[in-house]
Amino acid sequence: MNTSDYKYFKLSEFESPDSKGTGIYMSHDFMLMLVNARHIAGIPFKITSGYRTKKHNKKVGGVENSSHTKIPCEACDIYVANSEARHKILNAVIKAGFNRIGIGKNFVHIDIDSDKTTNLIWTYN
């Protein structure tokens with residue numbers, strides 16, 4: 001894995017807060033797609049959640065079979081500051097090939113978990 005390909009990101013941004021060094025669990029293919037989406041969007045992506053230990057996932061209310069807990073991890077959440085940023089991020093992740101997208105009040109979840117239904121966009125309450 002050549003992490004210099006991750007131009008806009010450091011693997012430390014994707015670590016579970018309770019387990020230092022776990023950013024290495026991110027999928028290389030996922031990261032390349034994310035870099036492409038970031039390039040398309042033309043705005044910084046602040047990662048609020050990447051890989052999660054099962055303990056941390058439970059603490060934050062994640063579902064039991066969360067894509068954030070798989071190794072390699074093929075999921076992340078991107079902070080959204082406002083509606084304009086949300087539009088840019090959504091447009092970019094779709095163009096980059098992400099087809100599992102969750103929209104929260106202040107974040108966008110993306111994943112490429114092949115064990116789950118594809119071509120979905122959902123919202124969080």
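The values are calculated or read from the model by the stated rules, or taken from the named source; none is laboratory data. This one's a predicted model, so the numbers in the text were calculated from it and none came from an experiment. We place every Cβ from the backbone using ideal geometry, glycine too, and count neighbours over all the protein chains shown. Side chains included, ligands, DNA and RNA excluded: accessible areas come from the protein's heavy atoms. Shrake-Rupley method; radii C 1.70, N 1.55, O 1.52, S 1.80 Å.
Below, the figures for the structure above:
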read-out	value
Filter result (open to solvent by less than 30 Å² (accessible area, probe 1.4 Å), closer than 17 Å to residue 93 by Cα and assigned to a helix (DSSP H, G or I)) within segment 18-47	30, 31, 34, 35, 37, 41
Single condition residue 72 does not satisfy, out of (1) free of Cβ contacts under 8 Å to residues at least 60 places away in the same chain; (2) within 16 Å of residue 12 (Cα to Cα); (3) within 12 Å of the chain's Cα centre (by Cα)	(3)
Boolean, residue 8 is open to solvent by 30 Å² or more (accessible area, probe 1.4 Å), aromatic (Phe, Trp, Tyr) and free of Cβ contacts under 8 Å to residues at least 40 places away in the same chain	yes
Test for residue 24: is it in contact with an Asp or Glu (Cβ under 9 Å, 6 or more places away or on another chain) and hydrophobic (A, V, I, L, M, F, W, C)	yes
Meets criteria (assigned to a helix (DSSP H, G or I), out of contact with any Phe, Trp or Tyr (no Cβ under 6 Å at 6 or more places or on another chain), of a type in the set (A, V, I, L, M, F, W, C) and open to solvent by 30 Å² or more (accessible area, probe 1.4 Å)) for residue 89	no
Which listed residue is of a type outside the set (A, V, I, L, M) and more than 15 Å from the chain's Cα centre (by Cα), from 111, 115, 77, 29	115
Tally of residues being surrounded by 21 or more Cβ atoms within 10 Å (Cβ to Cβ) and within 22 Å of residue 97 (Cα to Cα) across segment 48-63	3
Conditions (1) open to solvent by less than 20 Å² (accessible area, probe 1.4 Å); (2) of a type in the set (Val, Ile, Thr); (3) farther than 14 Å from residue 107 by Cβ: number failed by residue 3	(1)
Pairs, first farther than 19 Å from residue 69 by Cβ and open to solvent by 90 Å² or more (accessible area, probe 1.4 Å) in segment 98-125, second outside any strand (DSSP E or B) and among the polar types (S, T, N, Q), C-beta under 7 Å, six or more apart	119/99
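Residue by residue, here is whether (1) of a type in the set (Gly, Ala, Ser); (2) farther than 16 Å from residue 33 by Cβ holds:
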position: 69; (1), (2): no, yes
position: 74; (1), (2): no, no
position: 81; (1), (2): yes, yes
position: 85; (1), (2): yes, yes
position: 104; (1), (2): yes, yes
position: 111; (1), (2): no, no
position: 115; (1), (2): no, yes
position: 125; (1), (2): no, yes
